[in-house]
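Peer 1: Got a structure for you, written out below as structure tokens; questions coming shortly.
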Amino acid sequence: MTKTIALLPGDGIGPEITAPTVELLNKLGDFTFEEHLFGGISIDAHGTALTDEVTAACQRADAVLLAAVGGPKWDTTDPTKPRPEQGLLGLRKALGLYANLRPVRPVPALYDASPLKREIIDGTNLLVVRELTGGLYFGDRGRRGDTAWDTMIYSVAEIERIVRTAFEAARSRVTSVDKANVLESSRLWREVVKRVHAEEFPNIELEHVLVDNAAMQLVSNPRHFEIIVTENMFGDILSDEAAMLTGSIGLLPSASLGGDGPGLFEPVHGSAPDIAGKGIANPLAMFLSAALLLRHGFAMETEAAAVESAVDRALADGLRTADLGGAATTAEASQAVLNYL
Ligand code: NAI
Ligand code: MG
């Protein structure tokens, strides 16, 4: 049966990298694409970055594929004016996306782009599963006199669902990162992880690592990790640290998953207004986001792996877009990957 993908090309290079991604997905399955205005382009048409119609269409879809939003045209510090990023936050909220997945899979052909030594990153293939809607960023906060506070607060239910996402994505090992030697919320986190593991995933190996130690091991022995699951702020910091293993923002995909609705899949990079319309944007992060859509949205692991392998081969073959120091156009880069697929 055909699956519906809500397509949000957005702004800047968005449409340029979305078109070849549709072509790529059409080679791998029977999908119906429903394209919608989102971000700045939606502000121009409707005065808001995310209309109720688009929200409803995304909720009905089987998956949402988003390129990027924003640009100088809509930059404003006037709080009464709509901003493209409001669409992102609104959509994440409407879809209940509490799990942010960022795979870190350095490509051998680009090892030299990483600030780390080749022998350290070689063979790294890890996934950071970050809790996205709880913890310090959403807890009680305030100011009194010359003091200010934020609180890291988690419920059992919030921990259970993110930890299940991590175990479900694991083949053999999950590393739960916390600060249980100091923080009470981390002690609850650890208790819940242990219980979910024992009751539901006893065949997956589980280890607990303190966040400071995890930060160290990410750059000294990244191969050790398969899945890292952690709370919101630790995940924010560790996922950016881990991204540096690859050395290039033009190649990083992400997935945001929720309870019962569709997942949202998007590259980590923005709308690159400086190169928009020139036909030179790197489509690979968008292709790899499509691979995550196939894997986590539709359980199409074979097809997901095929996309990743085609990207690896094209890069090994010398494919380099401008952001990677080369001269390949979006069309050439797309064709190179499609050929291997
Ligand atoms: P950016 O990621 O758009 O661009 C940073 C630099 O990387 C630029 O030089 C750009 O040309 C290059 N770049 C990014 N993606 C590329 C690609 N696929 N191929 C080739 N080069 C690429 O970040 P920046 O400049 O900070 O933000 C630009 C706009 O994008 C802003 O309006 C920002 O708010 C928005 N943005 C949107 C995001 C989203 O939709 N999730 C995320 C980050 C930024
Ligand atoms: Mg960050």
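Taken together, the values in this text are just the output of simple stated rules run on the coordinates, not laboratory data. Values in this document were obtained by computation on a predicted structure and should not be read as measured data. Quick reminder, even Gly has a Cβ in these numbers, built from the backbone with ideal geometry, and neighbours come from all protein chains shown.
Peer 1: Please compute the contact order of the range 115-245 in relative form: average sequence separation of alpha-carbon pairs under 8 Å and at least six residues apart, divided by the residue count, as a percent. Kindly include the intermediate steps, with their values, before the conclusion.
Peer 2: On the way: 211 pairs, mean separation 53.3, N = 131.
Contact order relative to length: 41 percent.
Peer 1: While we're here: Taking +1 at the Cβ of each Lys and Arg and -1 at the Cβ of each Asp and Glu, which of Met233, Val182, Ile280 sits farthest along the dipole of the chain towards its positive end, judged by Cα position relative to the Cα centre?
Peer 2: Result: Val182, furthest along the dipole toward the positive end.
Peer 1: May I ask you to evaluate 6.51 cos²θ - 1.76 cosθ + 1.60, the Karplus curve with θ = phi - 60°, for each residue of the range 35-52 and list the ³J(HN,Hα) values in order in whole Hz, giving x for glycine and proline?
Peer 2: Per-residue couplings from phi come out as 8, 9, 6, 7, x, x, 5, 6, 4, 4, 7, 10, x, 8, 6, 9, 7, 4 Hz.
Peer 1: May I pose another question? Bin width 5 Å, origin at 0, all Cα-Cα pairs of the range 45-119: what percent of pairs per bin?
Peer 2: Taking every Cα pair in the range 45-119, the percentages come to 3, 11, 17, 17, 12, 11, 10, 10, 6, 2, 0.
Peer 1: Set the Förster distance to 30 Å, then compute FRET efficiency between Arg141 and Asp52 from the Cβ-Cβ distance, nearest 0.05.
Peer 2: The formula returns an efficiency of 0.50 here.
Peer 1: Answer with one residue from Val196, Thr18, Thr165: the one whose Cα lies farthest towards the positive end of the charge dipole of the chain, charges on Cβ with Lys, Arg +1 and Asp, Glu -1.
Peer 2: Ranked along the dipole, the leading option is Val196.
Peer 1: With only Lys, Arg, Asp and Glu charged, each at its Cβ (+1 for the first two, -1 for the last two), find how big the charge dipole of the chain is about the Cα centre; round to the nearest 20 debye.
Peer 2: 320
Peer 1: Which residue fluctuates the most in the chain, going by a Gaussian network model with Cα springs under 10 Å, if the choices are Thr147, Thr21, Thr77?
Peer 2: Thr147
Peer 1: For Trp189, Trp74, what ranking results if the residue with the fewest other Cβ atoms within 10 Å of its Cβ goes first? Can you show the working numbers first?
Peer 2: Values: Trp189 30, Trp74 19.
Ranked by crowding around the Cβ, least crowded first: Trp74, Trp189.
Peer 1: Next question. To the nearest 20 Debye, how big is the dipole of the range 115-245 about its Cα centre, given +1 on the beta carbon of each Lys and Arg and -1 on that of each Asp and Glu? The partial results should precede the final answer.
Peer 2: Details: 16 positive and 22 negative charges, 15 e Å.
Here the range 115-245 has a charge dipole of around 80 debye.
Peer 1: Follow-up. Springs between alpha-carbon pairs under 10 angstrom, Gaussian network model over the chain: which of Asp146, Asp52, Asp312 fluctuates most?
Peer 2: Result: Asp146 has the largest fluctuation of those listed.
Peer 1: Alpha carbons only, please: Rg and Dmax for the chain, in angstrom.
Peer 2: Spelled out, the Cα radius of gyration and Dmax of the chain are 20.1, 64 Å.
Peer 1: Okay, next question. Which one, Ser220, Leu88, Phe38, projects farthest toward the positive side of the charge dipole computed for the chain from Cβ point charges (K/R +1, D/E -1)?
Peer 2: Farthest towards the positive end: Ser220.
Peer 1: Semi-axes, largest first, in whole Å: what does sqrt of 5 times each Cα gyration tensor eigenvalue give for the range 115-245?
Peer 2: 26, 20, 11
Peer 1: Evaluate the charge dipole of the range 179-295 about its Cα centre and quote only its size in Debye, nearest 20, assuming +1 on the Cβ of each Lys and Arg and -1 on the Cβ of each Asp and Glu.
Peer 2: For this selection, approximately 200 debye.
Peer 1: Just rank Ser220, Ser289, Ser271, fewest to most, by other beta-carbon atoms within 10 angstrom. Intermediate values should be presented prior to the final figure.
Peer 2: Details: Ser220 10, Ser289 25, Ser271 22.
Lowest to highest Cβ neighbour count: Ser220, Ser271, Ser289.
Peer 1: Using alpha-carbon pairs under 8 Å, 6+ residues apart, how would you state the relative contact order of the chain in percent?
Peer 2: In percent, rounded to a whole number, it is 22.
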